[in-house]
Amino acid sequence: MVASNAEQLGNTLRTARELKSKSLKAVADPADISTAYLLKLEKGQVESPSPHILHRLAAELGIDYLDLMRKAGYVVSNDKARSGGRLAHALSGEPLTEDEERALATYLKMYRNGQVR
């Protein structure tokens with residue numbers, strides 16, 4: 001079963017927040033949204049989040065705004081992915097499965113903590 005845009009977005013937001021070891025409140029407050037709304041976003045219960053909110057969340061979580069826009073279902077040019085290096089190009093072909101996203105997030109967390117070299 002293919003995850004909906006809202007579910008893909010929610011998984012991305014939750015994974016990014018968990019990788020930074022931040023609480024819902026620690027992300028929602030600086031992004032100027034409620035913790036309840038962030039939780040709904042993470043659960044895939046918001047079909048069309050505002051680009052302004054996605055921009056603030058991207059900034060707070062240190063993730064790519066255009067990627068959030070794509071996952072939310074907005075049409076975004078793929079030019080950035082083509083010029084973003086090999087990894088961006090490899091990941092631009094098709095969305096990651098939930099298992100792939102979790103595995104990649106786990107590996108990245110371990111790498112950032114110096115557990116993998």
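Coordinate-derived values only; no laboratory data. Predicted model, so just to flag it, every value in this text is computed and none were measured. Please note: Cβ atoms are built from the backbone with ideal geometry, for glycine as well, and neighbour counts cover all protein chains shown.
A few comments on the model shown:
- Paramagnetic reach from SER4 (point 7 Å along Cα→Cβ, amide N under 19 Å) across the stretch 48-69: 48-51, 54, 68-69
- Here the gap between VAL75 and HIS52, fully extended at 0.36 nm per residue and compared with their Cα-Cα distance, gives a gain of 6.8 nm.
- Summing charges over all other residues whose Cβ lies under 13 Å from the Cβ of ALA105, with Lys and Arg as +1 and Asp and Glu as -1, gives +1.
- Reachable lysines, given that their alpha-carbon falls under 23 Å from the alpha-carbon of LYS40 and they are not under 8 places away in the same chain: LYS20, LYS22, LYS25, LYS71
- LEU39/GLN115 FRET efficiency (R0 41 Å; Cβ-Cβ; nearest 0.05): 0.90
- DSSP-loop GluC sites (Glu not before Pro) across the stretch 24-77, with at most 15 other Cβ within 10 angstrom: GLU47
- Between SER23 and LEU96, the contour length at 0.36 nm per residue exceeds the alpha carbon distance by 23.8 nm.
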